[in-house]
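Written below as structure tokens is the structure these notes are about.
No value in this document is a laboratory result; all are computed from the given coordinates. Predicted model, so just to flag it, every value in this text is computed and none were measured. Here the Cβ is made from the backbone with ideal geometry for all residues, glycine too, and neighbour counts use every protein chain on show.
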Amino acid sequence: MNLSCQSPVLSPAIPEKELLGPLKDMAQEVVTASAYLEGRIAPDTARSLGEKLRYLNSYYSNLIEGHKTLLPEIEQALLKKFAEDDSRRYAQELCAAHVEVEREFMAALDENPPDNICGLDYLGSIHRRFYERLPEHHRYTHHSGGFTGIHVHPGRMRDANVSVDQGQTTHGPDVKELPQKLAEFAALYNPSNFHGDEKLIAAAAAHHRLTWLHPFRDGNGRVARLFISFYLSAININKSNLWSINRGFSRKKNWYMINLQSADSPDKKSNGFDQEIFADFCAFFLESCLEQIAFMDKLLDFKRVDARIDGYINERGKHLGAESPIDPRSGRLLKALFSQGKIPRGEAGAIMNMDAYSDRQIRRVVSQLIKEGLVESDSHRAPLRIGLPMKVLRHYFPALFDPSVMGETYLHDGEEA
């Protein structure tokens with residue numbers, strides 16, 4: 001095949017020369033800010049909050065694809081409780097699959113990391129595990145008009161060319177070149193090829209390259225956004241999942257899509273991609289990271305969280321006629337658990353200033369908190385940890401779990417509970 005007829009080469013892996021310097025500065029900011037955020041949140045608290053951010057990652061990835069599924073609906077889907085309407089059920093299934101795959105693969109990165117996170121086997125396993133979680137009749141390509149008769153074939157490379165402009169042009173490499181291009185991608189973007197802040201720039205670049213490659217019949221955007229979370233974790237960035245890149249992409253969806261599509265532009269002087277536009281996408285990616293880290297850093301300020309916990313306890317006060325009031329001293333324990341991560345069960349009474357009370361009275365207060373999910377513990381003697389049930393998210397983190405993701409109806413119901 002004549003080289004001029006081939007798809008653009010993927011190299012260089014990251015922008016070069018004068019385009020690289022500003023990106024390295026931004027990448028270093030991201031690495032430093034993300035590490036600082038993770039470092040100041042207790043590990044057990046980070047795990048609890050990170051689990052709830054999986055719901056948000058799923059919500060925003062789904063929203064980018066045109067589906068709006070509220071967090072309470074995602075929680076219900078994870079419990080295998082679905083809406084009767086088929087379109088709503090399908091959206092719930094997609095969100096639940098995202099949460100479960102993200103949870104599974106993040107755990108595996110710590111326990112049994114892959115040789116190369118960019119390899120086709122790994123990418124295919126993300127796609128396969130995602131679609132295996134959908135019922136068979138939903139494993140077909142889908143567009144605004146509904147399902148087609150084309151099976152997704154979970155984990156398998158596409159076997160036809162694709163277009164995103166009603167067939168006017170081919171998107172990504174020709175299907176005959178796809179195996180070669182995916183091998184090129186795996187070799188080029190293996191994290192071990194990069195050092196320092198260039199690992200993060202490579203993550204940004206790999207996100208674009210993977211969306212352009214369009215390896216599968218359907219679900220490519222979802223897989224690319226899952227993949228980037230795994231890539232970041234593999235290079236020790238946001239391992240606790242304390243900020244959501246999907247939130248950044250979704251809140252600037254038009255710019256996200258424009259930057260992705262613009263970065264597809266070929267370089268007229270070579271057989272590669274336009275490097276300036278490529279660098280623009282990397283900059284957009286890094287800016288999105290910085291914005292989300294700064295947002296979460298402010299949201300998780302301990303004084304602000306303490307005040308919000310106090311506000312929630314006050315709303316649940318007997319003096320306001322709450323149906324199931326919480327002992328006002330509980331707030332001291334919840335704040336201590338959030339800041340410290342976990343506390344020996346025997347210290348709960350002292351933290352709540354209940355030294356003068358019997359063990360039975362202290363246990364009664366703690367038992368109510370555990371029953372409601374506000375506190376967690378592995379056994380009746382194990383240390384206590386902060387719990388973050390759905391009903392408290394909008395109280396503790398109102399700017400993150402706002403009505404747009406929680407739903408007005410749910411907020412009203414939550415106030416009555």
How long are the three semi-axes of the equivalent ellipsoid of the chain, in whole Å, if each is the root of 5 times an eigenvalue of the C-alpha gyration tensor, listed from largest down?
43, 24, 18
Taking placed amide H atoms and a strict 5 Å upper bound, the residues 5 or more places from residue 140 or on another chain that come that close are 152
Using only Cα atoms, find the angle between the long axis of helix 20-40 and the longest principal axis of the chain, and express it within 0 to 90 degrees, rounded to the nearest 10.
20
Charged-residue dipole, Cβ positions (Lys, Arg, Asp, Glu), region 302-386 about Cα centre, Debye nearest 20
100
Over region 16-299, what is the relative contact order in percent, taking alpha-carbon pairs closer than 8 angstrom and at least six residues apart?
26
Long pairs among 252/298; 24/303; 81/342; 199/252, criterion Cα-Cα beyond 26 Å
24/303; 81/342
Can you check what the net charge comes to around residue 152, using other residues whose Cβ is under 11 Å from the Cβ of residue 152 (Lys, Arg +1; Asp, Glu -1)?
+2
What do you get for the angle between helix 253-262 and the principal long axis of the chain? Use alpha-carbon atoms, 0 to 90 degrees, nearest ten.
20
Report the residue, chosen from 385, 217, 316, that carries the largest GNM mean-square fluctuation when the chain is represented by alpha-carbon nodes joined by springs under 10 Å.
316
Phi-based couplings in Hz for region 298-309 (Karplus 6.51, -1.76, 1.60; Gly and Pro marked x):
5, 5, 9, 4, 4, 5, 5, 5, 4, 5, 6, 5
Amide H proximity to residue 161 below 5 Å, modelled H, separation 5+ or other chain, gives 175
Taking springs between alpha-carbon atoms closer than 10 angstrom, which of 86, 280, 306 fluctuates most in the Gaussian network model of the chain?
86
Distribution output for region 176-272: share of Cα-Cα pairs per 10 Å bin in percent, first bin at 0, values 14, 45, 36, 6, 0
Could you work out how far helix 359-371 tilts from the main Cα principal axis of the chain, as a 0 to 90 degree angle to the nearest 10?
30
Hits among lysines - C-alpha to C-alpha of residue 269 under 22 Å, sequence gap 8 or more where chains match:
17, 181
Taking θ = phi - 60°, what integer Hz values does the Karplus form 6.51 cos²θ - 1.76 cosθ + 1.60 yield along region 49-57, in sequence order, with x for Gly and Pro?
5, x, 5, 6, 6, 4, 4, 5, 4
Of 135, 240, 344, which is farthest towards the positive pole of the chain's charge dipole, taken about the Cα centre with +1 and -1 on the beta-carbons of Lys, Arg and Asp, Glu respectively?
344
